[in-house]
Amino acid sequence: MPYTVKVDRALCIGAASCVAVSANAFELDSEGKAVIKKKDGTTTSDPVSFSEINESEQVIEHAAKSCPVNAIIIVETDQQGNEIRQVYPS
Ligand code: SF4
């Protein structure tokens, strides 16, 4: 099943560990909060499918685990995009 990743902007403190792990997948926006970089060139903190990100699953998961406040959330969804389970933080 597909995985999606999102950033909880209320939790994010702009520590940028995620950017250090994967500048392909994350950057900080003008508010100093992490956003996810999509293959189409847009950015968002909302849920993004791993397939829309120019980074490996392993590295996206590593970036999530590097966040000191667990603001990067990975969920498994069904083909319709409905959440099945939270993968990280578990
Ligand atoms: S590592 Fe966490 S707190 Fe730091 S910028 Fe990324 S999401 Fe935000």
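Return yes or no: is Val21 buried (at least 17 other Cβ atoms within 10 Å of the Cβ), farther than 22 Å from Asp78 by Cα and either basic (Lys, Arg) or in contact (Cβ under 8 Å) with a residue 40 or more places away in the chain (or both)?
It is true that Val21 is buried (at least 17 other Cβ atoms within 10 Å of the Cβ), farther than 22 Å from Asp78 by Cα and either basic (Lys, Arg) or in contact (Cβ under 8 Å) with a residue 40 or more places away in the chain (or both).
Quick check on this structure: which one of Glu83, Glu52, Glu61 is of a type in the set (D, E, K, R), farther than 18 Å from Ala16 by Cα and within 12 Å of the chain's Cα centre (by Cα)? Steps first, please.
Details: Glu83 fails: within 12 Å of the chain's Cα centre (by Cα); Glu61 fails: farther than 18 Å from Ala16 by Cα.
Testing whether each residue is of a type in the set (D, E, K, R), farther than 18 Å from Ala16 by Cα and within 12 Å of the chain's Cα centre (by Cα) leaves just Glu52.
From Ile60, Ile73, Ile36, which residue is farther than 15 Å from Met1 by Cα, of a type in the set (Val, Ile, Thr) and touching a residue at least 60 places away in the same chain (Cβ under 8 Å)?
Selected residue: Ile73, the only one of Ile60, Ile73, Ile36 that is farther than 15 Å from Met1 by Cα, of a type in the set (Val, Ile, Thr) and touching a residue at least 60 places away in the same chain (Cβ under 8 Å).
Which residue is surrounded by the most Cβ atoms within 10 Å (Cβ to Cβ), if the candidates are limited to the stretch 50-89 and must be at pLDDT 95 or above and polar (S, T, N, Q)?
Ser66
Going through Val5, Val21 one at a time, which residue ends up being within 9 Å of the ligand (Cβ to nearest atom), touching a helix residue (DSSP H, G or I) at 6+ places or on another chain (Cβ under 8 Å) and not charged (D, E, K, R)?
Answer to the check: Val21.
Being modelled with pLDDT under 95 and under 20 Å from Arg9 (Cβ atoms) is the requirement here; does Glu27 meet it? Before you say what the answer is, go through the steps one by one.
Working: modelled with pLDDT under 95: no; under 20 Å from Arg9 (Cβ atoms): yes.
In short, no.
Please state which one of Val48, Val75, Val35, Val59 is aliphatic (A, V, I, L, M) and within 11 Å of the ligand (Cβ to nearest atom). Can you show your working first?
On the way: Val48 fails: within 11 Å of the ligand (Cβ to nearest atom); Val75 fails: within 11 Å of the ligand (Cβ to nearest atom); Val59 fails: within 11 Å of the ligand (Cβ to nearest atom).
One residue alone meets the criteria, Val35.
The values are calculated or read from the model by the stated rules, or taken from the named source; none is laboratory data. Quick caveat, the model's predicted, so the values are computed rather than measured. Reconstructed Cβ throughout: ideal geometry from the backbone, glycine too, with neighbour counts over all protein chains shown.
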